[in-house]
1. Can you give me the number of residues within segment 151-168 that are closer than 14 Å to Val188 by Cβ and within 15 Å of the chain's Cα centre (by Cα)?
2. Between Gly77, Gly110, which is on the phi > 0 side of the Ramachandran plot and out of contact with any Pro (no Cβ under 8 Å at 6 or more places or on another chain)?
3. Applying the selection to segment 205-226, what residues are of a type in the set (D, E, K, R), away from the ligand (no atom under 16 Å from the Cβ) and out of contact with any strand residue (DSSP E or B) (no Cβ under 6 Å at 6 or more places or on another chain)?
4. Could you check, for segment 144-155, whether at least one of its residues is touching a residue at least 24 places away in the same chain (Cβ under 8 Å), crowded, with 19+ Cβ neighbours inside 10 Å, charged (D, E, K, R) and within 14 Å of the ligand (Cβ to nearest atom)?
5. Would you mention how many residues in segment 156-174 are buried (at least 16 other Cβ atoms within 10 Å of the Cβ) and away from the ligand (no atom under 13 Å from the Cβ)?
6. For segment 186-213, which positions are without any contact (Cβ under 8 Å) to a residue 40 or more places away in the chain, hydroxyl-bearing (Ser, Thr, Tyr) and more than 21 Å from Lys160 (Cα to Cα)?
7. Would you check if Arg229 is away from the ligand (no atom under 16 Å from the Cβ) and in contact (Cβ under 8 Å) with a residue 40 or more places away in the chain?
8. Is there any pair linking a residue in segment 114-139 that is within 15 Å of Val183 (Cα to Cα) to one that is within 8 Å of the ligand (Cβ to nearest atom) and in a loop (DSSP other than H, G, I, E, B), with Cβ under 6 Å and at least six apart or on different chains, and which?
Amino acid sequence: MPKPLDPQTRKHLAARVKYYKEMGIHDFYRQPIDPSVELAVQPVAEAVPAKPQAPVTLPPVIDDKPSALKLIREDIGDCTRCRLHKGRTNLVFGVGNVNADLRFVGEGPGADEDAQGEPFVGRAGQLLNNMISAMGIKREDVYIANVVKCRPPSNRTPEKDECDTCSPFLMRQIDVIKPKVIVALGAVAAKNLLAVNDSMANLRGRWYDFRNSKLLVTYHPAYLLRDPRQKKEAWKDLQMVMKFLGLNPPAAKSTPEE
Ligand code: URA
């Protein structure tokens, strides 16, 4: 004889039957309970057949450079990964020819770049443009970006943790563009890209292998504005780049002027 149900369970079942009846369900089937039959414990895998799995879809291989760069920009998003976001007007992603053989990497946006969302558009940018045209090419032919994408307060040097937070995106940009030559503008760019802590005197004047590109270090245009005598030295660096890339300088060009 099955054990009678306790009042609580009876009440609960009655409410359930009423509910089903109200829904138009009038037939109920109850299996007789045989207490001598032990329920077999089945392995979960058999008891609960696995739902058919959706095929694993890998992210599409993006082989067109604009889409790959767009994805990096989307990954950066409305970035708050470091403290620099607090003072930013615009995030300065990078600009230029996605198929560029030559890529310049600066330090970080200044006031003009922050206002316009484009790297090297202020005075230092004007000098960089002149350096580029002295090489016989145009700004539109190269790609330009910075180590950090948000302006440091009062144009201070970006701190190590800020550079470390931002530089993975810079590396991804480099890997997409695959320039033949990267020119690191100034010590901050050079030290961050090469992960070394050396003086400009030691870093300049030689080629480095860097992520399938050649890398050369030269002075930052802002430094050249402060000390124009060093332009001759910077021009020597750029001539190394021109030789490597097979660029012919426009005739009668000595050193780039501001
Ligand atoms: N200095 C930099 O390093 N980057 C800029 O974009 C502008 C000035």
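1. Residues of segment 151-168 that are closer than 14 Å to Val188 by Cβ, as a first pass: 151-152, 155-164, 166-167.
Now restrict to residues that are within 15 Å of the chain's Cα centre (by Cα): 162-164, 166-167.
Qualifying residue count, segment 151-168: 5.
2. Testing whether each residue is on the phi > 0 side of the Ramachandran plot and out of contact with any Pro (no Cβ under 8 Å at 6 or more places or on another chain) leaves just Gly77.
3. Arg206, Asp209, Arg211
4. yes
5. Of segment 156-174, the ones buried (at least 16 other Cβ atoms within 10 Å of the Cβ) are 158, 162-163, 165-167, 169-170, 172-174.
Still in the list and also away from the ligand (no atom under 13 Å from the Cβ): 162, 165, 167, 169, 172-174.
Of the residues in segment 156-174, 7 are buried (at least 16 other Cβ atoms within 10 Å of the Cβ) and away from the ligand (no atom under 13 Å from the Cβ).
6. Result: Tyr208, single match.
7. On the way: away from the ligand (no atom under 16 Å from the Cβ): yes; in contact (Cβ under 8 Å) with a residue 40 or more places away in the chain: no.
For Arg229, the condition - away from the ligand (no atom under 16 Å from the Cβ) and in contact (Cβ under 8 Å) with a residue 40 or more places away in the chain - is not met.
8. What qualifies is Pro119/Val92; Leu128/Phe120.
The values are calculated or read from the model by the stated rules, or taken from the named source; none is laboratory data. Nothing here was measured: the structure is a model prediction, and the numbers come from that model. Glycine also receives a Cβ, built like all others from the backbone with ideal geometry; neighbour counts cover every protein chain displayed.
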